[in-house]
Amino acid sequence: MQNPRRARLHPVVGFALVIIAAMTLLVACSSNGEPVATDATPPADEPTDPNEPDAAAPTRSSQSAAAQADGRAGDEGAAEPAEPVGDPTEVTLTSIGDFDRPVDVIVRPGDDRVFVVQASGTLTAIESATTSGATILDISDQTFVQGERGFLGAAFHPSDDLLYVHYTDRDSNSVIAEFEVDAESGAADAGSERTLMIVEQPFNNHNGGEVDFGPDGHLYLGFGDGGSRNDPNRAALDLSTPLGKILRVDPRANDSAPFTIPSDNPFVDDDDADPAIWSYGLRNPWKFSFDSVTGDLWIADVGQNEWEEIDAARAADGMNAGRGLSFGWSAFEGFEAFNRDQPSNGHTEPFFTYDRSNGRCSISGGAVSRDPSIPELDGWYVYGDFCSGQIFAIDGRGDSEQRAIELGRVSELVSIATGADGALYASSFGGSVFRLG
């Protein structure tokens, strides 16, 4: 991303699908000036061990007995996570069609269709109650698709006829671009592409991919720590790079700059920081979302060896939905110490974690349910795991006594997202998209 005071990214100047060996997915992206490795094989995210915590390792603040009981480790060490208990409601999964490696479902203001992002390079609009669809955008000829790379995310502007996308280009760079959209059909003009930023990738994994507009009308972008494993470049807590961060920008051009830095971003007055950074200390925030009622920011951050993590940044109580917050990676994985050479203080603890037992390996976020047809889930955060395919929900209104409840299973689950009617949609990287109801 273009930084007005520094140029660590491409001059033009933000899926993380960890498909590990054949099973692990989702882990995210950005630049630190290192050469881009275009032909390396994404490393498997299997446990290694140089960072195994020991008794002398620093910890985050001590957790309550209730937190430890539900799988969130306190200073006494990791507790076994509670297994799913019961069902708050009967949830059905109805297929809305088959696609080419779908990774997300997005909405367009004033449009009752759902739009499916396909890693292969197309965005498809699906009419209500039908499996047929129209191609809204096709960038397959300029998208490099392999592993965690491809067409990873998209978002329509809340008030203008514009579409913003995150994709991997033929040089394995991450690109954030804008396209003009036809007001009636919603189709994007492929020839109108305007590049906002290009982020060079040091490795092939952890490319991030989320693109979303917040309640404030600004564009939020998710990037992982740059890849490989163990945060080798120590990027996630380094404020000079967008790697391991959520960025916040006004996508409108500013003089010669392709976008504008909001004046209330937390690091605009720090000469050593990238001023677009909103939150940091993230390993691979493959998917994040805003609660449509509260404005809270929910982040599904893919873990390394042991713990998958859900972060909640409240919009109330002066929290400003993540403004300036560190979520701890790579000083911590979940609640446990990880890279000991990273600062151990000043981080926001996870809302919830779960371990990699019972076939789970990689969290797939995630949205707070506001579907009026399922009132029992109102205010619950719904997420899943790529490897087990399980879809879970936790009560997002509290911060203790959390119990994950299983709602169903979808193989190769990569995302849970909200449609125009408030319904939740689960995307399977294997090809199908399902409506929860």
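Quick note: the coordinates plus some simple rules give every number you see, no bench work behind them. What you are looking at is a predicted structure, and each value in this text was computed from that prediction instead of being measured. Cβ sites come from the backbone with ideal geometry, for glycine too, and all protein chains shown count toward neighbours.
Sorting the segments 360-372, 197-209, 140-152, 297-309 by their mean number of nearby beta carbons within 10 angstrom, highest to lowest, gives 197-209, 297-309, 360-372, 140-152. Gyration tensor analysis over the Cα atoms of the range 323-369 returns equivalent ellipsoid semi-axes of 22, 16, 8 Å (largest first, whole Å).
On a per residue basis, the convex hull of the C-alpha atoms belonging to the range 89-235 measures out at 150 Å³. From the largest down, the range 280-437 spans 46, 36, 27 angstrom on the principal axes of its Cα atoms. Globularity index of the range 341-429 is 1.17 (Cα radius of gyration / 2.2 N^0.38 Å, N = number of residues). For the range 272-338, what is the relative contact order in percent, using Cα pairs closer than 8 Å and at least 6 residues apart in sequence? After rounding, I find 33 percent.
So, by mean Cβ neighbours within 10 angstrom, what's the order for 99-106, 210-217, 221-228 with the highest one leading?
Details: 99-106: 24.1, 210-217: 19.4, 221-228: 31.6.
Final packing ranking: 221-228, 99-106, 210-217.
Rounded, prolate or oblate for the range 203-259? Axes are the square roots of the Cα gyration tensor eigenvalues, ordered a ≥ b ≥ c, and the cut-off for rounded is a/c under 1.5. Don't skip to the answer; put the middle values down first.
Values: a/c = 2.52, a/b = 1.92, b/c = 1.31.
Prolate shape, in that a/c is at least 1.5 and a/b is the bigger ratio.
Per-residue 3J(HN,Hα) values for the range 417-432, derived from phi via the Karplus relation 6.51 cos²θ - 1.76 cosθ + 1.60 with θ = phi - 60°, read 9, 9, x, 5, 8, x, 6, 9, 10, 10, 9, 9, 4, x, x, 10 Hz in sequence order (x marks Gly and Pro).
Let me know the shape class of the range 264-351, please: from the alpha-carbon gyration tensor, a ≥ b ≥ c as square roots of the eigenvalues, rounded when a/c is under 1.5, otherwise prolate if a/b is greater than b/c, or oblate.
Since a/c reaches 1.5 but b/c is at least a/b, the shape of the range 264-351 is classed as oblate.
Net charge dipole, the range 135-289: roughly 700 debye, given to the nearest 20, about the Cα centre with Cβ charges of +1 for Lys and Arg and -1 for Asp and Glu.
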